[in-house]
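No lab work stands behind these numbers, since they all come straight from the coordinates. Fair warning: this is a prediction, and the values are worked out from it, not measured in the lab. Ideal geometry is used to build each Cβ from the backbone, glycine not excepted, and the neighbour counts take in all protein chains shown.
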Amino acid sequence: MAMPSSLLWAVDIFGRVYTLSTVGQYWELCKDTQLEFKRVSAVKQCCWGIACDHQVYTYVFSGDVPIRYQEETYENQRWNPVGGFCEKLLPSDRWQWSDVSGLKYQQLDSFTLPSPHWEWESDWYVDENIGGEPTEKGGWTYAIDFPSTYTKDKRWNSCVRRRRWIRYRRYKSRDIWAKIVSHDEPDQLPDPFNDISVGGWEITDEPLGRLSVWAVSLQGRVWYRENVCHHNPEGSTWSLVTTPGEVVQISCGPYDLLWATLWEGQAIVREGIDRNNPQGISWSTVESPSSENGIMHVSVGVDVVWCVTKDRKVWFRRGVNSHNPCGTSWIEMVGEMMMVTVGLNNQVWGIGCDDRAIYFRQGVTPSELSGKTWKAIVSGRESDRSQTGSSTSLLSAGCFFTDDIQNQTSAVIQGDADPSSDTELPGLPPSPASPALLGAAAAGDGPASQAATSARLPVDPLHSEQGEATAASASNDKDNLEMNKSPANPNPSAELQWINIDLKEAQKHPVLSVSSFADTSSLSSLGAFSVGAEDQYGADEHPLWAWVSGGGCLVDLHSPLKWFTAPSGLSSSVQSLSLSITPAQTAAWRKQIFQQLSERTKRELENFRHYEQAIEQSVWVKTGALQWWRNWKPHKWMDVRVALEQFTGSDGMRDSILFIYYMYHEEKKYIHVFLNEVTIIVEVLNEAKHSFALYTPERTKQRWPIRLAAATEQEMHDWLSLLNMSCCESRRIQGPPSHHAIWSVTCKGDIFVSEPSPELEAGPQLMPCDQMFWRQVGGHLRLIESNSRGVVWGIGYDHTAWAYTGGYGGGFIQGLASSADNIYTQSDVKCVYIYENQRWNPVTGYSSRGLPTDRYMWSDASGLQECTKTNTKPPSPQWSWVSDWYIDFSPAGGTDREGWQYAADFPASYHGHKTMKDFVRRRRWARKCKIVTNGPWLEVPPVTLWDISIIPSSDADDEEAVALWAISDKGDVLCRLGVTQQNPAGTSWLHVGTDQPFISISIGAFYQVWAIARDGSAFYRGSVSPNKPAGDCWYHIPSPQKQKLKQVSVGRTSVFVLDKNGNLWYRQGITPSYPQGSTWDHVSNNIRKMSVGPLDQVWVIADKVQGSHSLSCGTVCHRIGVQPLEPKGLSWDYGIGGGWEHITVRGNATEASRGAVPDTAEENSAASKEGEDEESKRKTEHSKAPLMVSESQELDRNSVNC
Amino acid sequence: MTDDKDVLRDVWFGRIPTCFTLYQDEITEREADPYYLLLPRISYLTLVTDKVKKHFQKVMRQEEVSEIWFEYEGTPLKWHYPIGLLFDLHASNTALPWSITVHFKNFPEKDLLHCHSKDVIEAHFMACIKEADALKHKSQVINEMQKKDHKQLWMGLQNDKFEQFWAINRKLMEYPPEDNGFRYIPFRIYQATTERPFIQKLFRPIASGGQLHTLGDLLKDVCPSAITTEDGEQKTQVMIHGIEPMLETPIQWLSEHMSYPDNFLHISIIPRPTD
C-alpha cells in the first residue's frame, strides 16, 4: 500500500489538465488552471506541455527543497609597493573581475536572471571557505602570480590574491505552468509547437536531474531542448534535429529509446543516443504494420514500443532493446485506441477510441511486456463532487473557442458567483447536452460570442468531411490527416482543424441548437444550468479524454490501484494513506470493545484461574529436513533432520528446543539449542542457498553461528517465522518495539530491533551486548534513526525516506507475529557492480586478452571472482533486475568518456585518464535490481535523503514538535516541520542554506546541531531551538589533524565524529556557553559507523573484530565505562556481527537505578575536567587501546557477509 | 496503541468457568462430585468434555451409560452451538460458575443432534466454515486451500492452538483491497425469547453509497425488534463473546475480529436484566 505515490497526467477534450494519483481515486484538476493544453508529457519531477497558444510550458512540482543555482565570480588583485594589494593589475593580467580561469570578464552586475521564473536569494557575498578550511578574513587566497596555486596564507612572495564572490538564485515558478521563454533570435525560433515528449533521465545522472526534452513543430520539424536539468528546469535553447521527413509526433523513453512518426505513416527511430550524445546520431525508418494504414501515434518505454495506426489499431513492437532500438516485428493487440502512452516500468495506458476513456494495460510484467487486457479507469473527477470544479470546467470549455482567455475567464466566474444561480438549480430540467456544447453556448453569450459561434459552426461540415475521408480509399487518408493536423498558419479555421479531433466525441450527444440556447439564457442562469447538468452526469458519465501521459507514473505488480472501482461515499482523504491514527482506531466503538473484553476476562476468569483447563496443552513438534553447515572441517553443507519441540510451562508460557540430528562417522548425533538462549536469527541469502544463521551469546563470541539451509525459500520462511515466533514467545516479547528500542541494519538491508534492558547502560553488573535479543522487522533500509518518543525514520538504498508506522512484523514474519495494521508494501533499489578488465598489448592495444596471471576479464571488484554479465545474478531470489547492464561513470578516481579507469597493473589505484605508464584498465558496469517486500514503513515523499537525525529526547509533552534534521541526497540540509508522536512523518521540509553539499547531520538533546560537509569539514549550527527550528548560521569547526570527516553524532552533551580513515574522535571542551568545544580527542580506530545516545552512550559498528575463527567486519560494539566524567569511555564490548551496517541507540534513554543524572552534568563534567586530568591520563592508555585488529585477511564466511 | 490482533487473542482465549453436576435422577453407584472446568468459549461442548464424561462415568454402572448430553435450567444445550453462544444466550447475567447438568439418559431427540464421535463435530465445523466462505468469497478461498489447511483449522480448534488456527484462518479473513469488505457477512442472530432457531440473511458490509454498515444497520434490517426502545431504553442486550459492542461498530470489523472459529458472527439477543 505504501508504494510511493506518483501521478498519471491527462488532458480532457476541453484542454483541462488532470492528475490521478496511484494511491488516489479521483482525477484532480491541475492546480494552475489558467491555461488549456493539448499535449502534456510528464516525468516524476515535472510535466512539460503545449498549451492552446502553441507555446511550451513546464510545470515543476513544488518541493520543500528549493531549486537554486550558485553564481560565482572572482575578484583579482595584485600587490604593488605603493598601494599594497589593489585593483590595479598589470596589462598582461587577467580582468579585475573574472571567472575561475581568469579568461572571462565577469563583473558582479553582469549577472542577470535567466528568465522571469528566477529570483535572487540574497546579494553577493564573499566565500570565506576554501577547501573545507576557513580562510583569513575577507576570503582572500594568495599566489606568486596568476594563474597559480593559491593558498590561504599570505607569504613574502605573494604578489597576487583573489577571492570568490557567490550569489544564489532560486527558481520560483513551481506548481504553476511556467512559459518557456526563448532568447533565440526571432527568425531562428521554432514555428509553433505541436507535440512534446520528455524522457532520457536514465541516460546519465550528470548533471543532476538531466532530461531529454523533444518537441515537434507544426511544420514537422524536430527540436531538442538543450541543458534541461535540476538547476535549470527550463533548459537553455532549442536545437533543430534534422529528420528524413515531416514529423507528426514524438516519444522519448526514460532511457535511450526515441521514436517519432512521419506524415507518411512510417516511424523513425533515433540511433546512437548515449551519455555522450543524448541527442543521438542518426535515424532509421520502421514501416507501419499495415500497408493501408500508416502509423499515427507511437509511444516508447525502457525497452518497449507501442503504436496506433490510422485505423486506431494498437500494435506492440517485438524485440526492442538498447542494441536494437528498431525491434523486429509488430504484433497486433486487441482494442482500438486514440493514442497510447508508456510509463515507468513499461506500463501502458491508452485512450479508448469509442468512449474516450483511459484504459490501463493489465498484466504488464518484465516477462510479459505486452500485458494481458485493457481495463478502464473509472475514477471520477474531484471536481464532479463540487460545484466550483464544474464551473471551472465550464470556463475551460468556453475559453477553448475564444481568443482572449483572460476576459472570458473572469466573465464566467462572475456568473458562477451569482448567488441566485444556486437557488435556481433544482428547478432546472436535466439536459442531455454535452458539456462541450454548453461551453460553446456559454461562450456564445460572452463578450467573444461572435468568435465562438462562428468557430463552432464550421465543426459540423468538418466532421462530415472527415467521415467521408475515413470511408474513402487509403490514398485519401493522408490528405485527411494533413488537413486535421498540419495547419501552417494559425488562423481561426486552421486552428479548428486540430481541435476537431478532440471534439469529435461531442457529436455523440444530441446536438442542441446553439442559437436557441444563446437566445433564452442569461449568463448566470447558464452557469447554474451547466452545473446542474454536470451533476446529472457526475455519477455515470465519465470524462472524455484527449491525451494521457504515464511518464511519471509508477505502477508495479504490488500496487493496489483504486482506479477501477467507482469511488464510494467514503471521502478520499479517509482512504488515502496517512501515518496519523485513523478514525477507526480512535472510534468509541473500538475503545468499548477493548474495554469490555478486558472486563469480561476479569469477570469470567479472575476468580477461577485454579479451574482445570478443558484442553490439555501438549508438546508440539515441527520436524523437517534441512541442511547444516557442519562444524568440523572440511566445513560443508550436510543433510540433517531438524525438530522444534514446543512445551507449555505451568505458567502458560512456551519454551522450545531446536534439535539438529546429524551423522558423524556413521554415528547418530545431535546438537540442541534452547530458543530462549537464541539472540538472533538472520537470513543469509547467497550462493543461491536459502540459509539462515542462528546465534546465541556464546556463538556471537565465537563468530560461529549455527547455519541452516532449506530447499526452498518458502520452506526457509516457514522455519524462520516459526523460530522467530518461538524466540519471542520464550522471551515474552510481543507487539511493537518500545520507544527505547535499539534499531540496527545489516549490510543486506535487513532490519533488526532490540529491547534494551536497564542494565545495558548502567548498573553494578552491565549486561554484555552479545546477550541482546534482536528480532527482525520487515522492510529493506540502508539506515534507521530513532528517538525516545517513538519517532523512527529510515532511508533506503534508493534514498527514499520512510517513517515507521508503529507496526511490527512484515517480511517473512507472517500471521500473528505481525501486526494487522501498519504493514505496507516497501521497495528498494540498489546496484550490482561487475568490472570489465583489459590489458594493453603492443599489437592490438587494449584487449580482453590478459596475461595468464591476470584476473578474469569480467570480475568482481577484487578480481578474484569471475562475474560476467550473464552469470551475475541479483543478490538473492528476492531481488529482480529492473535495468540492463550499463557503464557506471561514478567510481572513485574518475573515468574517461567510455568509463575506463587506468592503472599500471592489477590491482592498483585507478585513475580516470590514460598515461604512458598504464598497461591495464577496467570499467565498472552496474545493473539495478529491486526488492519488493513489506514492513511497518510509509514513504515520506518526495525528497530523497542521505542522512537523518532526530532529537534524542525531550521532556516536552506529546503534542510538541520533535526536531528532525536531514541531508538530502543532493547534499541540502533540511529541517522537518510538524513531526510529532502522532504524526511522525511531519508535514514539510524547511531548507537550511549551505555553501556546499553536506553528508552527515546530528542533533543533540539540547538542540545542538552538528553537520559534516562533503569536503570533510565539520560545522556547528548556532541558535537552534524549538522556536527557531532552523537556527541562524553555520560555524566552521576545524577537523582533527586534517582528517576528512564523514559522520557526526551528538548525544546528550557528547559530540563524536568519525573520519574517512575509520578514526573516532571526541569533542573536548564543550560547555553551554561554548557549545562548539575546543579540541578533538582520539578515541578509537576501525570504526565504520557510530551512534551516540541520549545517555551519551556510544555504540559503533566496528570493522576487523576478531573472533575465534576469523575476522569479521561490521560488528556492533558498545563503549564501556562511559561516565559523566569519562565521556570517552574505556573499552569496547562486542555484540552481534559481522555484516552489520548501521545502529541507532538514540531511542534508549532507559537509565538504570543509578539515580538521576544531575541537570548540571555538563557543567560538572567540564569544570571537573581539569582536576581529573591525572586520572584521565591514567586511563588514556586504556581508552586509546585500539579495537582488536589482526593482519590476517581471512574473511568471516559465517557472517552475513558484506 | 492497542492492536486489533489483541481482540483475536481475547476472543480465542475466552473461558467460562463451569460447574458440571450429574442429573439427580441418574443412577449412580456412589455420589458424584461436581466437576469444575474452564470451557473455551469458542469451542463445542462435546469437544471439550471428555474429562467430564470420564469423571461421571466412574460412578456409574456401565449399562446405564449412553450418549452424554447437557442441560442448563431445563434447556438442553445444543452441542453444535459454540459454548460462548450457549452461555450468552442462556446464562448471561447469572452468577459464575455456570452450572451445567450432565445427563446420560433420555436423550432429547427433538432438541439435540447426536454426536457419536468427534468426526461429527469436525464435519459440522467445516460445513460452517465453508458456508461462511461461500458468503464472504463465493467459496473461492476455502476451495483454493489444501486438505491439510482444512485439517489445520480443525486441529487448531481441537487443540486450542491459536497460532496454528490463525495461520490459516487469516486467509479466510482477507478480501481484495478494492472491495473494502466481504461480499456478504456470515452471521446468525439468536433470540432467547423465540422458538425460531436463528436468523440468517444476506447482508453486505458496505452500503450502496459506500458507507460501512454497522451492527445497528444489520439489526435494523434483519431483526428490528432487537433494537426497539421503550421509554428511550433498549430492552434487549446484543451480545457477542460476552460483550455488548456499540451499535456503531462496523459489521465488517466485527466479522473479521469477533467471528467464532466457524467464521460466523453468532449474535445473541437477550432481554436486558431489569435491575
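Work out the mean other chain Cβ neighbour count within 10 Å for the residues of B:47-54 and drop it here as an integer.
Mean shielding by partner chains, rounded to a whole number: 2.
Assigning unit charges at the beta carbon (Lys, Arg +1; Asp, Glu -1) and nothing else, what dipole magnitude in debye, to the nearest 20, does region B:174-274 show about its Cα centre?
Around 300 debye, computed over region B:174-274.
Using per-residue counts of other Cβ atoms within 10 Å, averaged over each peptide, order A:893-899, B:131-137 from highest down.
So the peptides A:893-899, B:131-137, ranked by packing, come out B:131-137, A:893-899.
What per residue convex hull volume, in Å³, comes out for region A:193-241 when only alpha-carbon positions are used?
In region A:193-241, the Cα convex hull volume per residue is 65 Å³.
For each pair in A:K375/A:K930; A:K591/B:K201; A:K830/A:K1046; A:K669/A:K869; A:K748/B:K161; A:K38/A:K313, compute the distance between the two Cα atoms and list the pairs where it is over 32 Å.
Beyond 32 Å: A:K669/A:K869; A:K748/B:K161.
Write down the percent of antiparallel bridges among all DSSP beta bridges whose residues are both part of region B:174-274, to the nearest 5.
In region B:174-274, approximately 65 percent of DSSP beta bridges are antiparallel ones.
Largest first and in whole Å, give the semi-axes of region B:76-134's equivalent ellipsoid, each being the square root of 5 times a Cα gyration tensor eigenvalue.
Computed over region B:76-134, the values are 23, 18, 9 Å.
With +1 assigned to the C-beta of every Lys and Arg and -1 to the C-beta of every Asp and Glu, and no other charges, what is the dipole magnitude of region A:782-890 about the Cα centre in debye, to the nearest 20?
Using Cβ point charges on Lys, Arg, Asp and Glu, region A:782-890 gives about 180 debye.
For the pairs B:K54/B:K105; A:K104/A:K172; A:K372/A:K562, note any where the Cα-Cα span goes beyond 21 Å.
Over 21 Å apart, Cα to Cα: A:K104/A:K172.
When a footprinting reagent is the concern and you count Cβ atoms within 10 Å, what order do A:M663, B:M126 take, fewest first?
With the sparsest Cβ surroundings first, the list reads A:M663, B:M126.
How big is the gap, in Å, between the Cα center of region B:87-136 and the Cα center of region B:5-25?
Cα centroid to Cα centroid, the span is 13 Å.
Within 10 Å of each Cβ in peptide B:9-16, how many partner chain Cβ atoms are there on average? Round it to a whole number, please.
4
Find which of B:H116, B:A167, B:G156 sits farthest along the positive direction of the dipole of region B:116-173, computed with +1 on the beta-carbon of Lys and Arg, -1 on that of Asp and Glu, about the Cα centre.
Farthest along the dipole direction, towards plus: B:A167.
Placing +1 at every Lys and Arg Cβ and -1 at every Asp and Glu Cβ, with all other atoms neutral, what dipole size does region B:116-173 have around its Cα centre, in debye to the nearest 20?
Rounded to the nearest 20 debye, it is 140 debye.
Fewest to most neighbouring Cβ within 10 Å: what's the order for A:C159, A:C46?
Sorted ascending by nearby Cβ count, the order is A:C159, A:C46.
Could you give each residue of region A:691-702 its phi-based ³J(HN,Hα) in whole Hz, using Karplus coefficients 6.51, -1.76, 1.60 with θ = phi - 60°, and x for Gly or Pro?
Per residue, the Karplus-derived 3J(HN,Hα) values read 10, 9, 10, 10, 10, 10, x, 4, 6, 5, 4, 7 Hz.
List the residues, sorted by chain then number, that are 5 or more residues from A:V548 or on another chain and whose placed amide H is less than 5 Å from its amide H.
A:V11
List B:C223, A:C326 from most exposed to least, where exposure is judged by having the fewest other Cβ atoms within 10 Å.
In order of increasing Cβ crowding within 10 Å: A:C326, B:C223.
Using DSSP, restrict attention to beta bridges with both residues in region B:9-134 and report what percent are antiparallel, rounded to the nearest 5.
The answer is about 70 percent antiparallel.
Using +1 at the C-beta of Lys and Arg and -1 at the C-beta of Asp and Glu, which of B:S208, B:Q252, B:P273 has the Cα lying farthest in the positive direction of the dipole of region B:174-274?
Highest projection toward the positive end goes to B:P273.
Based on the Cα gyration tensor of region B:116-173, what are the three equivalent ellipsoid semi-axes, each the root of five times an eigenvalue, rounded to whole Å and given largest first?
Each semi-axis is √(5λ); the values are 18, 14, 9 Å.
With just the Cα atoms defining each centre, how far is region A:42-87 from region A:201-272? Give it in Å.
The distance from the Cα centre of region A:42-87 to that of region A:201-272 comes to 24 Å.
Which whole-Hz couplings ³J(HN,Hα) result when phi for each residue of region B:254-270 is put into the Karplus expression 6.51 cos²θ - 1.76 cosθ + 1.60, θ = phi - 60°, listed in order with x for Gly and Pro?
Karplus values, whole Hz, x for Gly and Pro: 4, 5, 6, 10, 10, 6, 6, x, 6, 6, 9, 8, 9, 10, 9, 10, 10.
Cross-link partners among lysines for A:K668, C-alpha distance below 30 Å, same-chain residues fewer than 8 apart left out?
Result set, ordered by chain and number: A:K622, A:K633, A:K636, A:K689, A:K701.
For region B:174-274, what is the relative contact order in percent, using Cα pairs closer than 8 Å and at least 6 residues apart in sequence?
33
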